[in-house]
Amino acid sequence: MSAAAANPTKPGLEDVVVSPSEICFIDGHKGRLVYRGFDVDGLVAQSTFEEVTYLLWYGRLPTRKEMDAHVKALSSTANRKLPPKLLAMLRLFPKKTTPMEILRTGVSALSAFDPDAEDNSREATLRKSIRLTAQMPTLVAAWDRIRSGKAPVGPNPRLSLAGNFVYMMSGRKPTPLATKTFDVALILHADHEFNASTFAARVTAATLSDLHAAVVSGIGALKGPLHGGANEQVMLMVEKIKDPGKADRWIRQALADKARIMGFGHRVYRVEDPRAKHLKRLALELGRQAGSTAAVEILDIMARVVSAEKHLFPNVDLYSGAAYASMGISTDEFTPIFAMSRVAGWAAHVLEQHGNNRLIRPRSDYTGLTDEKYVPLAQR
Ligand code: ACO
């Protein structure tokens, strides 16, 4: 009996449960997202990205002493700075190289400089998790400046991961609202159960490959427009529409044309993604501060029409770009920013996978031929 006859195919592995996990819980009907027992709404209100990384990796909230040591490790210049040879390598890339290509390549290159690269012990993977989480914002910001002919800005150990990213991108002290926005965005994107990129990272880790390799797999999967790449596509749509007065007609036409509308729909949520409301609030606040809320108005009109006509609701990617754009961040940086946060989740899943490993190796439903007769090349 073939593997498929014993197990009916589930296209896209929809609703297939791959393994137990204690990291993240999603209730797709109630629109609830929980990290290690803590509702993400409460974490947004009271926690920080640094604390959330501790929670994801260690499975509990830190004590004051543990938190101080963890923040110190994530903020230290030693962990945040890029090896000079890597910075020199960045300068060799064509300026048109996208930030996501640089992130994928840069993370891969960082393993060559990491003293624990090949060590898959829990302790070494935790050290690498700290370093990668600290280095990725520096990599993203350095390329953003290099490609526009500016010198990279070194990390500031006195700033939070969110504030330091804004600082390294702009070269200016971040405003409290910009810091808060990035911190909330980082908390909201940190983990999401067995999404495509996390699954890719776990598949890689399950071959007993290392954290850098797993994160590169995750970045590759995140890049696509059906996953993390959707936030860029949303903003390109908003730029096309431009005027809130034109949004209703535009979106109705797109639906009539059977277009896939980025920022809507989800494999798990049957209601609005619980992360969307936080990003919408911040996008509105930043828009007001920057003098235009047109992007959020356009997205709200789209949300009203798409939910009424298609029963599809906003996902995490709908409003995040509007918030980042109000801070002057280019559209092609949105997905790398997503990755800067999701690395926390990827690392938590690699730790869990390595802690109780089994190779992930599914079967295909083979639909090809089986008894072809080989004809020598000269006779074909
Ligand atoms: N726009 C228009 N129609 C949609 C959309 C959408 N955004 N999402 C789903 N549909 C429709 C499909 O056309 C399909 O209709 P049909 O049955 O008449 O053919 C039906 O809803 C089911 O869609 P699938 O693609 O089969 O559902 P799936 O669970 O595979 O898709 C996905 C989930 C990929 C997220 C989808 O909703 C989508 O493409 N959304 C837009 C891209 C996006 O925003 N991705 C980010 C998701 S969040 C994240 O990854 C961080």
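The residues of the chain expose on average 49 square angstrom of accessible surface per residue, using a 1.4 Å probe on protein heavy atoms. Distance between the pseudo-spin-label points of residue 69 and residue 85 (7 Å out from Cα toward the beta carbon): 3.1 nm.
Order the following by accessible area, largest value first: 273, 15. Probe radius 1.4 Å; ligands, DNA and RNA are ignored.
15, 273
The charge dipole of the chain, taken about its Cα centre with unit charges on the Cβ of Lys, Arg, Asp and Glu (plus for the first two, minus for the last two), comes to roughly 840 debye.
Just add up the charged neighbours of residue 68: K/R +1, D/E -1, any other residue whose Cβ is under 15 Å from the Cβ of residue 68.
Summing Lys/Arg as +1 and Asp/Glu as -1 gives +1.
What share of Cα pairs, in percent, lie more than 24 angstrom apart in segment 1-141? Above the 24 Å cut-off, segment 1-141 has 52 percent of its Cα pairs.
Using only the Cα atoms of segment 230-326, build the gyration tensor, take square roots of its eigenvalues as a ≥ b ≥ c, and label the shape rounded, prolate or oblate: rounded if a/c is under 1.5, else prolate if a/b is larger than b/c, else oblate. Because a/c hits 1.5 or more and a/b fails to exceed b/c, segment 230-326 counts as oblate. For the chain, hydrophobic long helices are taken as DSSP H runs at least 15 Å long by C-alpha position along their axis with mean Kyte-Doolittle hydropathy of 0.0 or more; these are 99-113, 176-189, 211-222, 230-241, 294-310, 334-355. All other residues whose Cβ lies under 13 angstrom from that of residue 177 are scored, Lys and Arg at +1 and Asp and Glu at -1, for a net of +2. Inter-label distance, residue 375 to residue 304: 6.4 nm, where each label sits 7 Å from its Cα along the C-beta direction. What FRET efficiency, computed as 1/(1 + (r/R0)^6) with R0 = 56 Å and r the Cβ-Cβ distance, is obtained for residue 150 and residue 9, rounded to the nearest 0.05? Once rounded, the FRET efficiency stands at 0.65. Protein heavy-atom surface of segment 53-186, 1.4 angstrom probe: 58% of the accessible area is carbon and sulfur, with nucleic acids and ligands not counted. Between residue 360 and residue 27, the FRET efficiency from the beta-carbon distance, with R0 = 25 Å, is close to 0.50.
FRET efficiency for the residue 96 to residue 288 pair, using the beta carbon distance and R₀ = 41 Å, is estimated at 0.75. Counting only protein heavy atoms and a probe of 1.4 Å, the accessible surface of segment 230-326 is 50% carbon and sulfur.
Anisotropy class assigned to the chain is rounded, per the alpha carbon gyration tensor with a/c under the 1.5 cut-off. Can you give me the Cα centroid spacing of segment 285-301 and segment 354-380 in angstrom? Going from one Cα centre to the other spans 52 Å. Note: relative contact order over the chain, using C-alpha pairs below 8 Å and six or more positions apart, is 22 percent.
The values are calculated or read from the model by the stated rules, or taken from the named source; none is laboratory data. The shown structure was predicted, so the numbers you read here are calculated from the model rather than taken from an experiment. Here Cβ is always computed from backbone atoms with ideal geometry, including for glycine, and neighbour counts include all displayed protein chains. With ligands, DNA and RNA removed, areas are computed over all heavy atoms of the protein, side chains included. Shrake-Rupley method; radii C 1.70, N 1.55, O 1.52, S 1.80 Å.
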